[in-house]
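All of the numbers you see were taken from the coordinates with simple rules; none came from a lab. Everything quoted here is computed from the prediction, not taken from an experiment. Because the Cβ atoms are built from the backbone with ideal geometry, glycine has one as well, and the counts that use them run over all protein chains shown.
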Amino acid sequence: MKSLGLFGKFFIAFTIWTVACLSLATYAGSKAYEQDPTLLSKIEDNYNVRIHVGGISKADAGWEETKDTWNFAPPVKKVSFKSINATVSFKKGIGENIIVSATGRLDKSKAPRLLKTEVQADEIIIQQPEDEATSELDVRIEVPPSLAKNIDIVTVNGNVVMENTLTDELAIKTVAGDVILKQIQTQSIALHSVSADIKAEDISAQKVTGKSVSGDLEVSTLTPAEVAFTSISGDVKIKMAPSDKLRFSLKSVSGEIHNSHGSNKNGNIGVSVSTTSGDIEIE
């Protein structure tokens with residue numbers, strides 16, 4: 001057996017020394033914890049760090065887990081929501097007021113609350129603060145049917161979920177945040193997306209319009225509705241309530257087109273869909 005060289009002996013000695021130091025540190029740490037169970041927290045607070053399994057990292061100074069609630073009384077005719085990356089969910093309220101609740105992490109050195117709210121005449125404007133003042137923001141908005149005359153949503157990356165909502169007009173604009181709508185009753189819906197997917201189920205509306213660059217559009221209607229969709233590369237899928245008054249205009253440069261409905265040239269309910277490379281499917 002070949003004898004160990006100088007570096008081999010040094011490696012063994014260094015390994016033994018490291019194990020001994022770790023054992024001593026573990027023993028000392030356990031004894032210190034027995035004497036003061038809050039020692040770890042004191043060290044973290046004193047040096048503004050967080051100690052975890054992966055090591056030591058700088059603490060998020062100023063950030064706090066926060067929950068905020070707002071209550072808006074009538075008269076209200078329009079609710080506007082604008083966010084960067086917040087997830088927002090709408091549902092029908094059971095009371096007489098609009099209730100807004102938000103949870104997330106807040107840097108109070110940049111903003112006093114998780115959301116900025118403003119009332120202008122009969123419009124409520126709800127916005128996510130700028131300057132990266134919030135993170136992991138989740139917003140819930142309950143709107144009574146009597147107050148939901150007009151709902152306008154603008155978001156960049158945040159997802160939008162809306163269910164069981166009654167409103168006269170609904171407009172949603174998103175860049176990359178996905179949109180899910182269920183059981184919406186309204187006169188008109190306007191949907192705009194860059195790369196986000198939009199899915200709307202069980203929609204009762206007189207008019208539905210949508211524009212997309214690469215996101216898919218999928219809509220199912222409970223009643224015959226006038227539809228106008230345009231898309232570049234996103235697919236468009238529409239499940240229509242049957243009617244002999246539907247008049248279709250479906251165009252695509254390179255995408256496939258499937259339509260299971262008959263078209264009435266004299267129909268007064270127009271369904272217009274055009275894409276560049278996205279597929280079109282009508283059921």
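Results, tabulated for the structure shown:
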{"quantity": "Ranked packing of 184-194, 62-72, most packed first, by mean Cβ within 10 Å", "calculated": "184-194, 62-72"}
{"quantity": "Inter-label distance, nm, simple model (7 Å from Cα along the C-beta direction), V161/I12", "calculated": "6.2 nm"}
{"quantity": "Cα centroid of the stretch 87-117 to Cα centroid of the stretch 230-283, whole Å", "calculated": "39 Å"}
{"quantity": "31 Å Cα-Cα threshold exceeded, pairs from K149/K265; K116/K237; K78/K211; K116/K239", "calculated": "K149/K265; K116/K237; K116/K239"}
{"quantity": "Residues listed by number, the stretch 135-155, amide nitrogen under 20 Å from K77 label point at 7 Å toward C-beta", "calculated": "143-153"}
{"quantity": "Assigned charges on the beta-carbon of Lys, Arg, Asp, Glu; the stretch 191-283 dipole about Cα centre (debye)", "calculated": "420 debye"}
{"quantity": "Three principal axis lengths of the stretch 62-160 [C-alpha, angstrom, descending]", "calculated": "40, 23, 22"}
{"quantity": "For the stretch 63-77, Karplus couplings with θ = phi - 60° (6.51, -1.76, 1.60), whole Hz, Gly/Pro x", "calculated": "7, 9, 5, 9, 9, 10, 9, 10, 10, 10, 9, x, x, 9, 10"}
{"quantity": "Calculated FRET value between S243 and I94, using beta carbons and R₀ = 30 Å, to 0.05", "calculated": "0.35"}
{"quantity": "Order by protection proxy (mean Cβ within 10 Å, highest first), peptides 171-183, 121-133", "calculated": "171-183, 121-133"}
{"quantity": "Order by protection proxy (mean Cβ within 10 Å, highest first), peptides 156-164, 211-219", "calculated": "211-219, 156-164"}
{"quantity": "Theoretical FRET efficiency, 1/(1+(r/R0)^6), r = Cβ-Cβ of Q120 and L222, R0 41 Å, to 0.05", "calculated": "0.75"}
